[in-house]
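The values are calculated or read from the model by the stated rules, or taken from the named source; none is laboratory data. Everything quoted here is computed from the prediction, not taken from an experiment. Neighbour counts are summed over all protein chains in view; Cβ atoms, including those assigned to glycine, are modelled from backbone coordinates with ideal geometry.
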Amino acid sequence: MSNNVLYVADIIESTIVDGIGFRTSLYLSGCDICCEGCHNKKFWDIYSGHPMKIDEVFEKITVSFTNVTFIGGEPMLQAESLVVLAEKIKNNTNKDIWIYSGHTYEEILNNKLYLNLLKHCDVLVDGKYDEKFFQNNIRFKGSTNQRIIDINKSLEKNKVVLWSDEEDSLCYNH
Ligand code: SF4
């Protein structure tokens, strides 16, 4: 696989479900996690997506004011190319990047390639989708076992620090 290319299942503009605020979600094809009950089985084969040059993806996902989310599929499968894209986003825009992965934060730390991509992103939603922990209307997650992690703070403090915004903080106070 060339690292000039990304296999893209879809690009959804102005969504509010894949992270805080309005975002452009880049759906990467390919997944090797195979969670039972996955809603995105059609993305499991990497070649189900269409190949796009990184520059082309960059133009498409940064054209509007929205922030960016890498989701799939399993974005870590295309970590090498996504690092190039994430660097371009960080060097040329002030957008933040959320990334979803079926791997846990701890698993990502143990893989140099995945860790490199993680370091270019701001927030990680981690872990497999688990049907047993499915709940309707949980913000930004499919099941309650998944965590929303503040990447910079977690790397800095060497422990998992959950992401929160004002609304979350209010919830935690209840
Ligand atoms: S990681 Fe995501 S795309 Fe992959 S099997 Fe699990 S839910 Fe489906």
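I'd like the residue in the range 3-31 that is in a strand (DSSP E or B) and among the aromatic types (Phe, Trp, Tyr) and, out of all such residues, is nearest to Gln78 (Cα to Cα).
Narrowing the range 3-31 to residues in a strand (DSSP E or B): 5-15, 23-28.
Now drop any that are not among the aromatic types (Phe, Trp, Tyr), which leaves 7, 27.
On the way: Tyr7: 8, Tyr27: 11 Å.
Only one residue fits best here, namely Tyr7.
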- Hits in the range 116-134 - residues which are surrounded by 15 or more Cβ atoms within 10 Å (Cβ to Cβ), hydrophobic (A, V, I, L, M, F, W, C) and modelled with pLDDT under 95: Phe133
- Residue ID - farthest from Gly102 (Cα to Cα), chosen from residues in the range 61-78 that are buried (at least 24 other Cβ atoms within 10 Å of the Cβ) and of a type in the set (A, V, I, L, M, F, W, C): Ile61
- Item | Hits in the range 15-31 - residues which are farther than 14 Å from Gly142 by Cβ and within 7 Å of the ligand (Cβ to nearest atom) | none
- Only one of (1) farther than 19 Å from Lys128 by Cα; (2) in contact (Cβ under 8 Å) with a residue 12 or more places away in the chain fails for Glu74. Which number is that? (1)
- Task: Answer yes if at least one residue in the range 79-92 is polar (S, T, N, Q) and more than 20 Å from Ile11 (Cβ to Cβ), and no otherwise.
- Result: yes
